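Working notes, beginning with the structure itself.
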Amino acid sequence: MASTEQAFLPICELSAYQSKWVIKARVTDKAPLRTFAGRGGQQGQVFSVTLLDAAGGEIKASFFNTAVDMHNAKLEKGKCFTFSKGSIKVADKRYNNTNHRYELTFDKEAVVEPVSDDSSIETIKFSFVTLKALQTKSLPCVVDLCGVITSFKPIQSVTGRDSQELVKREITIADDTATSMVVALWADRAKQEDSIFEGNPVVTLKSVSIKEWQGSRSGSLLQSGALTFKSTAPEAKRIEQWWSQGGSSQELLQLSQTSGLGGGDSSRARNATMTTMAGVRLASDRLSSQPELFSLVARVALVQTRKQGEPQPLHYMACQEPKDGKPGGLPCNKRVDESNYCASCNKSGKVVPRVNLRCRFVDYEDQAWMTTFHEAALKVLGMSGEEVRAMELAAGEKGEAGREELEAAIRKHYFEKPLNIVVRAKLDTYNGEARPNVTVVEARPVNYGEHGRHMLKAIHSMLNKEAQAGA
């Protein structure tokens, strides 16, 4: 048996100077079959696989034309095979995410034989890069990441370059270098239940494309990549321990930043005008029916838990059926009745708790009560929607004592670290009377470096005005 194993060349030793070789490897990924226009207008076909061997070597292999007919049905992801009679060429890194300098191509001469499963060959190979290392890495690049999910957004529908409707979900991950970054998930990975992402699980991500836009770095999990929860990798155990032993309260360097908010690629944040609480109050006097966005730094001073002495509900159950009825569409999010019936969708379906708060925010010169929607409300409370619901249900069972426990848990977050909040303001009509509607639509930890630069710019502006007045 040992001599048989020695007959296989390790993938890491493959080079353009070798002609006779046999490798044994597991297919860890398989790209879909595609066609192309060959020379003379002839139609060609190709598919590719990623191969991993017992020594941890990884390489891309492409099968063309006749080799497709011979081996496409046979090569299944996860199974082991021997490969020979292929060509070795320098890898084209535009289309090759492996670390190998070379890649394989197979034609009609290819020899591919199935073999019994080899437990010494892993099912997937990771080459993890820390998030802090991404701060200086040349972009674009493709990397493997391991981190804890610190926050996530609901699924959303976006239009791709070819006008195709795509489903996307953004998660923010952090690792034990005290660095965080936003990663976009697509299609079925994005459609997974919200509960999968709740509770700060540690995830491993294979093949994340990293790009930069306006100084902000973010990732996108490639279709050929992998997303794994509950990994047994040493890196996953180490990050889980870091998070539970103080990492959750650590100030994080945020690679994904927009308009000083950090932590996500938000068009709302990009379009928001930097101001203060007093600035929002002044703007309220000149609002129109067109919404305006403002970005400011403030602290939470109070959350309304009672109204006229009666307990104020902090959450409601919302319909999660797709708005257009198509799988993967944006959720309805309309309030349902006690039987989970949604009048908008005209049926009972999946529901989740959504949090809606009235919060008093304060900064160095003013304060204001503002309605705070779900995503921002979760940041304010430091809880998930399920946790808020569980505490409210417990309070209902325990009576006044349970309500006191809930309010005490909320009070812990009063006057904590400042938040960057995005406020949407517009003029609405209530009972025939025009009134300003000011709501908080986003809340994130302050990026102190960005905020410091903004304050320094404001100080220079004030000094220049004083100098001009003195002149």
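Cβ under 15 Å from Met383's Cβ, Met383 left aside: what net charge do those residues give with Lys, Arg +1 and Asp, Glu -1? Combined, the nearby Lys, Arg, Asp and Glu give -4.
Lysine pair count for segment 133-253 with Cα-Cα distance under 21 Å and sequence separation of 8 or more or different chains is 14.
Most tightly packed first, judged by the mean number of other beta-carbon atoms within 10 Å of their residues, the peptides 376-382, 11-17 read 376-382, 11-17.
Between the listed residues Leu381, Gln164, Ser231, the Cα displaced farthest toward the positive end of the dipole of the chain, a dipole computed from Cβ unit charges relative to the Cα centre, is found at Gln164. Taking the average, over residues, of other Cβ atoms within 10 Å as the packing measure, peptides 49-56, 133-140, 432-439 rank 49-56, 432-439, 133-140 from highest down. Highest-first packing order for the peptide set 458-465, 97-104, 175-182, 446-453 is 175-182, 97-104, 446-453, 458-465, based on the mean count of other beta carbon atoms within 10 Å. You can think of it this way: the chain between Lys426 and Leu302 has 42.3 nm of extra reach, that is 0.36 nm per residue less the Cα-Cα gap. Assuming charge only on the beta carbon of Lys and Arg (+1) and of Asp and Glu (-1), the dipole of the chain about its Cα centre is about 1000 debye to the nearest 20.
Distance between the modelled labels on Glu198 and Thr35, one decimal in nanometres: 4.7 nm (7 Å Cα→Cβ projection). By the Stokes-Einstein formula, at 1.567 mPa s and 4 °C, the chain with its Kirkwood radius over alpha-carbon pairs has D equal to 50 µm²/s.
The residue list Val352, Ala394, Trp213 was ranked by how far each Cα lies along the charge dipole of the chain toward its positive end, using unit charges on Cβ atoms, and Trp213 comes out on top. Averaging the sequence gap over all C-alpha pairs within less than 8 Å and six or more residues apart, then dividing by the number of residues, gives segment 2-114 a relative contact order of 28 percent. A cut-off under 15 angstrom between Cβ atoms defines the neighbours of Ser348, and their net charge, with Lys, Arg +1 and Asp, Glu -1, is +1. A cut-off under 11 angstrom between Cβ atoms defines the neighbours of Arg238, and their net charge, with Lys, Arg +1 and Asp, Glu -1, is -3. Working note: 222 nm ellipticity from helices only, DSSP H runs with n ≥ 4, each -39,500 (n - 2.57), summed and divided by the residues of the chain, gives -6000 deg cm²/dmol to the nearest 500. Dipole magnitude for segment 1-132: about 500 debye, using +1 per Lys or Arg Cβ and -1 per Asp or Glu Cβ, origin at the Cα centre. For the chain, the list of Cys residues with no other Cys C-beta under 4.7 Å reads Cys12, Cys80, Cys141, Cys146, Cys359. Between Asn200, Val22, His460, the Cα set farthest toward the positive side of the dipole of the chain (charges on each charged residue's Cβ, about the Cα centre) is that of His460.
Values quoted throughout were computed directly from the atomic coordinates according to the rules given, and no laboratory measurement underlies them. Computed from a predicted structure; not experimentally measured. Every residue, glycine among them, receives a Cβ derived from its backbone with ideal geometry; neighbour counts consider all protein chains shown.
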